[in-house]
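Asker: Pasting in a structure now, in structure tokens, and then I'll have a few things to ask.
The values are calculated or read from the model by the stated rules, or taken from the named source; none is laboratory data. These numbers were taken from a predicted model, which means no experiment stands behind them. For neighbour counting, all protein chains shown are included, and Cβ atoms are generated from backbone atoms with ideal geometry for every residue, glycine included.
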Amino acid sequence: MKKSVTGKIIEMAPHTAPHAMEYAKRATAIEALFVERLSALDYDEVEEIFHPILKEGGPLVIFLRAVLGGTIGEIQTLYIHAFEKTA
């Protein structure tokens with residue numbers, strides 16, 4: 001099963017890499033805009049924006065970040081091991 005999934009990932013990588021790079025460029029631009037706009041705010045304004053969000057959804061956000069981080073980490077591990085075997 002692992003070899004099957006790994007093979008599919010390796011097979012798809014050349015086709016998906018350009019899309020991933022384009023996504024990364026867009027995400028970086030959005031991040032830069034976000035940082036620029038937040039930098040223009042003072043501390044009280046930033047706290048006013050984020051405090052209600054974190055107060056209501058804090059535990060859910062932490063849980064989702066943990067699940068997403070673990071999933072991405074596992075995918076990266078499979079991808080790395082796939083290239084180690086072919087190299």
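Asker: Could you list, in sequence order, all residues of region 39-79 that are at pLDDT 85 or above and of a type in the set (G, A, S)?
Answerer: Result: S39, A40, A66, G69, G70, G73.
Asker: Just checking, which of K55, K8 is out of contact with any His (no Cβ under 8 Å at 6 or more places or on another chain), assigned to a helix (DSSP H, G or I), under 30 Å from I80 (Cβ atoms) and not small (G, A, S)? Let's see the steps before the verdict.
Answerer: Details: K55 fails: under 30 Å from I80 (Cβ atoms).
Exactly one residue qualifies, and that residue is K8.
Asker: Would you be able to tell me the number of residues in region 62-87 that are more than 25 Å from P14 (Cβ to Cβ) and among the aromatic types (F, W, Y)?
Answerer: Residues in region 62-87 being more than 25 Å from P14 (Cβ to Cβ) and among the aromatic types (F, W, Y): 1 in total.
Asker: Let me ask another. Output yes when any residue across region 28-49 is among the hydroxyl-bearing types (S, T, Y), in a helix (DSSP H, G or I) and surrounded by 10 or more Cβ atoms within 10 Å (Cβ to Cβ), and no when none is. Before the answer, list the steps.
Answerer: The first filter runs over region 28-49 and keeps only residues among the hydroxyl-bearing types (S, T, Y), leaving 28, 39, 43.
With in a helix (DSSP H, G or I) added as a condition, the list becomes 28, 39, 43.
Those left that are additionally surrounded by 10 or more Cβ atoms within 10 Å (Cβ to Cβ): 28.
Yes - at least one qualifying residue is present in region 28-49.
Asker: What about A24, is it out of contact with any Cys (no Cβ under 7 Å at 6 or more places or on another chain), of a type in the set (A, V, I, L, M, F, W, C) and within 30 Å of Y79 (Cβ to Cβ)?
Answerer: Working: out of contact with any Cys (no Cβ under 7 Å at 6 or more places or on another chain): yes; of a type in the set (A, V, I, L, M, F, W, C): yes; within 30 Å of Y79 (Cβ to Cβ): yes.
The answer is yes for A24.
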